[in-house]
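Derivation of every value follows stated rules applied to the coordinates shown; laboratory data play no part. Here the structure is a predicted model, which means the values were calculated and not measured. When we count neighbours, we look across all protein chains shown, and the Cβ atoms used for this are built from the backbone with ideal geometry, even at glycine.
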Amino acid sequence: MTATTDAALEQLPTGPGVDGTDLPYWEGLRSGVLTLPRCRACGTWRSLGRVLCPECWAFETDWEAVPARGRIFSWARSQRAFISELDVPVPYVTALVELESAPVRVLGILLDASGDASGADPAIGDTVTGVIVQPANAEYPVLRWQSAAAS
Ligand SMILES: [Zn+2]
């Protein structure tokens, strides 16, 4: 295992992976839309990063815009920024959100009602909405979650 230096971390870009299979997700964020993969053969939603359908093993994928709204499934507070593109002070809260419109969970930094990422502990089941922001030091925008009460 190779140790990663802070300098190397600062060079990591946001955006599509080297194989480009998640490019529609990132281009969707650039257009202000959360876009997720769905199997063209059977309609099953896929998590980001899966190239095969977990139900029918088809490769063919459609990308569909979905409302960025859901409920917190899980969350964690981080005491260290692992990549500089996060562009938030530590500590920050990351939430795994189960979407209302599709059976998919999407990870993102959680902002509280004031837009602060280090706010009070959220509750499992809290409703949140997606906010697409462009960090100053990143090539692509990122999705963040915010308390629905703040939007
Ligand atoms: Zn399928």
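Just a few scattered comments:
- Free of any chymotrypsin sites (Phe, Trp or Tyr not before Pro) that DSSP assigns to a loop and that have at most 14 other C-beta atoms within 10 Å, the longest stretch within the chain is 83-151.
- Trypsin sites (Lys or Arg not before Pro) restricted to the stretch 12-53 and DSSP loop, no more than 16 other C-beta within 10 Å: R40, R50
- Working note: Debye formula, equal point scatterers on the alpha-carbon atoms of the chain, no solvent; log10 I(q)/I(0) at q = 0.09, 0.12, 0.14, 0.21 Å⁻¹ is -0.30, -0.54, -0.73, -1.37.
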